[in-house]
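All of the numbers you see were taken from the coordinates with simple rules; none came from a lab. Since this is a predicted model, take the numbers as computed values, not measurements. So basically every Cβ, Gly included, is an ideal-geometry build from the backbone, and we count neighbours across all protein chains shown.
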Amino acid sequence: MKKSRKEKTGNEDQLFALEEHLADTLKPITPPSELVVRMRDRIRVPQREEIASRIDSWQRLFLVFGGVMSGFVVIVTIARAFFYFVGRK
Amino acid sequence: MPDIEFNEEDVLNRAAQGESEAFGLLYERYIDRIFNYVYYRTGNLHDAEDLTARVFQRAMNHIKNYTDRGVPFSAWLYRIAHNLVANWHRDRSRRQEIPINDVPILPSKGDHPERNLVRSQEEDALLRLIRRLPPERQNLLILKFVENMSNAEIGAIMGRSEGAVKSLYHRTLLALRDQIGDQKINLDGE
């Protein structure tokens with residue numbers, strides 16, 4: 001009976017000591033201030049949702065699509081003209 | 001003091017309506033805690049920075065979905081952090097691990113600077129053992145010791161009852177003690 005009580009006390013002491021070591025090891029740390037600023041700047045970068053929300057109206061989407069297609073046609077025309085003049089020689 | 005004027009419910013509502021200044025207040029309030037959590041879970045300063053930024057990015061993008069159901073905002077943030085850290089560990093398991101000894105030492109709050117220069121071998125050994133524990137036990141120890149949270153608060157974050165947290169904590173201590181015994185680590189530094 002005495003022995004088991006002694007063992008129990010020993011176990012509790014061990015766990016208490018372990019808790020003290022854990023408290024010494026796992027301490028709150030302060031992130032460097034430049035790191036906090038850097039992270040804040042990163043968060044301000046527009047996200048996919050934000051970019052998607054900018055083109056949610058069909059008028060704007062139509063304009064963007066039209067702009068891209070027009071640009072593509074201009075590039076193809078210039079490339080064909082270049083090929084026509086340079087390729088003939 | 002800014003804390004006196006800080007009404008979290010009001011700030012959360014404003015942030016949910018897209019007010020970036022309100023989200024900035026939440027960022028200032030929780031950045032240290034989330035960074036601490038991620039840092040101890042990853043043991044890597046660069047990844048801690050990257051993951052912490054992603055936690056807040058995700059929080060900002062989904063803050064409209066956050067509804068106060070008795071779970072504190074911090075618990076919601078910790079859950080985001082927990083998921084991102086879990087993904088990080090999954091990706092990392094395919095790559096080589098960085099030993100805990102390579103982890104840079106950051107200043108502890110309220111500590112003497114010289115104490116931070118040398119982390120004792122015993123602390124290193126204990127950190128290594130902690131990082132081998134299952135994720136939920138690591139979470140528990142970090143929230144308890146680093147964040148100084150009560151069992152009830154930890155329960156709210158981990159989705160467990162206060163009693164379950166207490167029991168898990170006791171089992172974690174026993175497991176750690178056994179591992180220390182198995183590996184013959186002397187925590188008293190003698």
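Based on the Cβ-Cβ distance from B:A175 to A:L61, what FRET efficiency comes out when R0 is 51 Å, to the nearest 0.05? Step by step, r from the Cβ atoms, then E = 0.35. As a rough footprinting exposure proxy, the listed residues B:E8, B:E153 were ranked by other beta carbons within 10 Å of their own, and the order from fewest upward is B:E8, B:E153.
With r defined as the distance between the Cβ atoms of B:D124 and B:H46 and R0 fixed at 22 Å, what FRET efficiency is calculated, to the nearest 0.05? Here the calculated transfer efficiency is 0.65.
Applying 0.36 nm per residue to the separation of B:Q183 and B:E28 and subtracting their alpha-carbon distance, the gain on full extension is 51.7 nm. Along the stretch B:78-92 the Karplus relation, 6.51 cos²θ - 1.76 cosθ + 1.60 evaluated at θ = phi - 60°, assigns HN-Hα couplings of 4, 5, 4, 4, 4, 5, 5, 5, 4, 4, 4, 5, 5, 5, 6 Hz to successive residues, with x for each Gly and Pro. Across the stretch B:7-98, C-alpha contacts under 8 Å between residues 6 or more apart give a mean separation that, scaled by the residue count, equals a relative contact order of 26 percent.
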